[in-house]
Every structure is written in structure tokens, then in C-alpha cells.
1. How many of the residues in the range 116-158 are of a type in the set (A, V, I, L, M), surrounded by fewer than 18 Cβ atoms within 10 Å (Cβ to Cβ) and not in a loop (DSSP other than H, G, I, E, B)?
2. Pull up the range 52-105, narrow it to residues that are small (G, A, S) and on the phi > 0 side of the Ramachandran plot, then point me to the one that is modelled with the lowest pLDDT.
3. For the range 8-32, which positions are exposed (fewer than 11 other Cβ atoms within 10 Å of the Cβ) and in a helix (DSSP H, G or I)?
4. Taking the residues in the range 194-216 that are in a loop (DSSP other than H, G, I, E, B) and in contact (Cβ under 8 Å) with a residue 60 or more places away in the chain as candidates, determine which candidate is least open to solvent (accessible area, probe 1.4 Å).
5. Please give the number of the condition Y164 fails out of (1) open to solvent by 20 Å² or more (accessible area, probe 1.4 Å); (2) modelled with pLDDT of 75 or more; (3) closer than 23 Å to R145 by Cα; (4) hydroxyl-bearing (S, T, Y).
6. Could we say that G199 is modelled with pLDDT under 75 and at positive phi here?
7. Scan the range 167-191 residue by residue and report those that are in contact with a strand residue (DSSP E or B) (Cβ under 9 Å, 6 or more places away or on another chain), modelled with pLDDT of 80 or more and open to solvent by 70 Å² or more (accessible area, probe 1.4 Å).
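The values are calculated or read from the model by the stated rules, or taken from the named source; none is laboratory data. Nothing here was measured: the structure is a model prediction, and the numbers come from that model. Cβ placement follows ideal geometry from the backbone for every residue including glycine, while neighbour counts extend to all protein chains displayed. In case anyone asks, the SASA skips ligands and DNA or RNA and just uses the protein heavy atoms, side chains included. Shrake-Rupley method; radii C 1.70, N 1.55, O 1.52, S 1.80 Å.
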Amino acid sequence: VERALSKLDALAAGFLHSRDPYSYLLARLTAANARVFVETSLWPQIKRLANDASPRTIAALVQFARAAFANSRALVWPAQAEGMRRLAEDDSFVLCTPTGSGKTTIATLGAVQGLFAERADAFSAENLVLYLVPSRALAAEVETRLAEDLRGVAAEPVMVTGLYGGTDWGPTDAWVQIDQPTVVICTFEKADALLRYLGVLFLDRVRLVVIDEAHM
């Protein structure tokens, strides 16, 4: 990519003394725009998140980035870049930005990290991400978005399911019947009930907890 950007810069310089001054301006703007696009695209962030990650996590992150480019969601906003920087630090944090600023993308990348992190041993159950939301309406919306974003990120399917009032998941299904990377989307009340039922047996699988609308 750097070689291509250098060639664009050289092309602009070649037009500097051409008969058509607009050719230089167009070439210069194209080169500058391409460089900014590369710097603010998802790939540099994915490379940062892939440092010291497991092979499964790296493969899933790369596939997520490819899908994002295919769906015209390749650019990273400043708030997202900050969130991804914090994700790379592998520690808890709060991301407080306005609605529509891309927080769900940060949560999805965090889910990819958690779902495909190294397990304690070969015999332990697959990883689980707990996504907490304040209402059933938001839970259904998040479930649809995550199911779409996580589809095809790995050779093994990722289960995205909800526990917010429906009957598709019972308290024991979360760890007894399903042994694949799983995202469980819960209202706060349902998550509380889930933890009361299963306690440490459930928490042993959890690699990440996302709290949406934490102020509520």
C-alpha cells in the first residue's frame, strides 16, 4: 500500500508543470485522500488488536475486517479508534460517545476477541460473551446486528442468542447443551437470574461482558 501511495504522490508531481493545472490538483487531492483513507481504515486497527492474539482470534478479526470493507464500513471514526486502542490494552473501560458514533462496532470487535481467545484447556467449554442491555427492544436490535456482523468470521459458527423474555434459551442451556462460541444478549434482570442459577459454572465460560446503556 505504501508503494502505491508513493506512486500517486509521484504522479501528482509529474503533473505540476503540465499544460492543464487541474490535472495536478486532481492528482494531488487523490493522493492525499487515498493516504487519509488508509490511515483511518479498519486494517491498522485490526493489526493492533491482533498483536499477541491467538491464531483463532487473528483469523476472525481479519475476516471481520474483510466483511466490513465489503459492506462499505471500512472507515474508523475518532471515537471508534479510541475504543479500539482501549480494546488492544485488554482491560476494562467505559466508552461514552453520542448515539450513532459506532459503539456497537467496538462491542463487536471485543466480542470477537473474547469468543476466540485461548481456552483454559482443550476440555473446557467454548467461550461466551455476555451482552447486557436495558430493554427487550434493544436486545432484539442488538441480536440482529451481532448475528449479521459475526456471520462467517470463523470456520466454526458463532451462536448469537437472547435471554430477554423468550423461551428459546433456558438457564441450563447456556452451558450444558451448547459448546460453541456464543454471545448471550440479556436484559439486566435476565442476566441476574442467569447468574443466580448457574454462578461460577456459567462465569467460567464468560470472557467478556458488554454493558450497553450502562447509565441506566
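1. 4
2. Result: G100.
3. Matches in the range 8-32: Y22 only.
4. R205
5. All conditions are met except number (2).
6. no
7. Residue satisfying the conditions is K190 alone.
This table checks each residue for (1) in a helix (DSSP H, G or I); (2) aliphatic (A, V, I, L, M); (3) free of Cβ contacts under 8 Å to residues at least 40 places away in the same chain.
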| position | (1), (2), (3) |
| --- | --- |
| I46 | yes, yes, yes |
| D52 | no, no, yes |
| A59 | yes, yes, no |
| F93 | no, no, yes |
